[in-house]
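Quick notes on the structure that follows.
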Amino acid sequence: MRSGQPPSSIRPIGSERGGVATSLWDALLLFLTLSIWLAVASVLMVAVTAMALGVSLEALGWGLYLPAFVVYAVYVRDRRAVSDDDWLNHPVRSRLVTRYDGPLQVTELVAVIAYESLLLASLPLHRFDGLVALAVAHLPFVVLVVYLQLKAVPVLDSLAVAVTWSSLIVATVVAVGDAGLSASVGVAFLAWTLVVFAGVESRNVADVAGDEQADHGTLASRLGAGRTRLFVVGAKASGAGLFWIVGGAAIVVLLGCYFAYLSTFRYFSSAAKTAGQPGWLPDPHIRDTYR
């Protein structure tokens, strides 16, 4: 259910005559502003976790890519539900999502079907840990359903996101890679929870003004931008320290590559958030998207 109202400049997608170049430009902006690149990041998370727990990537098989499909589906679904604070904080994304809602819904459905198919093919459903992993695998959908209610409680939405993705990543490695439960598994879960929570709150720093207008409480709106940035650094450093304990220095280097990937695409996503009007876009109402 969308609480926000789109600007009058939005036109049905069928009325656009921008051609291939415009479609490719919009696709790039959607990839960045919808955080679709986080689907690739989830593959890196699985790889780091597997290596930290001594599980080979070959043992994971298609399980390595399992979380990517649900990350894509959940983020597209969340971004499609444009809220009032989305129009304030992410106007370019909100206009694009409104314009391409139909195609995005189709890709979301395809991702869900692929995800469920991979779950059945990858998880050892004849074992207890496989059944637990199956339940955890559907936790993102549960959080998505109650996400608006979670946002009403300061910081709870960020914590729910962190726990959900951390559970999914670790459960995938344990069940598909047959890692078995151990103290190292718990440490890996805690490490990812710290890292993901810090990442979510770091993005909220840029949205403080809009979040306050929409009465959405975040760590940044409570502590301020400076203290939140310090917390983010401390949480990520703590996560790296926990991975050092579990897997040694090599795992921390891999985690550093993960951080570098996130930083790179967050930079591009930030630029896309306020994307200017490309001069070669032919239709005036298409250009309105990038104001």
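The values are calculated or read from the model by the stated rules, or taken from the named source; none is laboratory data. Everything numeric in this text was worked out from a predicted model, so none of it was measured. Quick reminder, even Gly has a Cβ in these numbers, built from the backbone with ideal geometry, and neighbours come from all protein chains shown.
What to note about this one:
- Any hit, segment 4-24, residues being assigned to a helix (DSSP H, G or I), farther than 21 Å from Arg203 by Cα, at pLDDT below 90 and touching a Leu at 6+ places or on another chain (Cβ under 6 Å): yes
- Within segment 49-62, not a single residue is surrounded by fewer than 21 Cβ atoms within 10 Å (Cβ to Cβ) and under 19 Å from the mean Cα position of the chain (by Cα).
- One residue alone among Val48, Val43, Val71 is without any contact (Cβ under 8 Å) to a residue 60 or more places away in the chain, touching a Leu at 6+ places or on another chain (Cβ under 7 Å) and not in a loop (DSSP other than H, G, I, E, B), and that residue is Val43.
- Filter result (surrounded by fewer than 21 Cβ atoms within 10 Å (Cβ to Cβ) and not small (Gly, Ala, Ser)) within segment 163-193: Val163, Asp178, Leu181, Val185, Val187, Phe189, Leu190
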